[in-house]
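Just so you know, all these numbers are worked out from the coordinates, no wet-lab data involved. What you see is a predicted model, and the numbers here were worked out from it, not measured in a lab. When we count neighbours, we look across all protein chains shown, and the Cβ atoms used for this are built from the backbone with ideal geometry, even at glycine.
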Amino acid sequence: MLCPACVKEMAVIEVSDVEIDWCASCGGIWLDEGELELLSGEKDTSNPVNKALKTGQGRTGNKNCPVCAKKMNSTELPVVPPVEVDVCPLRHGIWLDKGELEKIMVCLKNDELGKLISSTFKA
């Protein structure tokens, strides 16, 4: 799969029994639909982060979905500080720039996984 940010081939990495696509070139991460919930352990669909991802509303961004090639929507997640992610309009998944997954994990109170991810993807 090609990285939507730098168009380099991404590697498949397993983190907490979830296969994610990681770009060694820019450090970004592609999560297929539902993988963020699996990583965070947060399955509550009324959770503000999950709600924002499900609606995927936001302005049209400049990155294309690596699955369907449609322009993704830039969506601001309601965490502190806010994190802007790219969401496929057809719900294939989300693109996270380097460091964004760690920030989301910490905000979702999954500090240990955030630290694991941070140490795994240091570049």
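Exposure proxy shown here: for 32, 86, the number of other Cβ atoms within 10 Å sets the order, fewest to most, as 32, 86. The separation of the range 60-101 from the range 21-41, counted between C-alpha centres, amounts to 11 Å.
With K and R counted +1 and D and E -1, the other residues having a Cβ less than 14 Å from that of residue 59 yield a net charge of -1.
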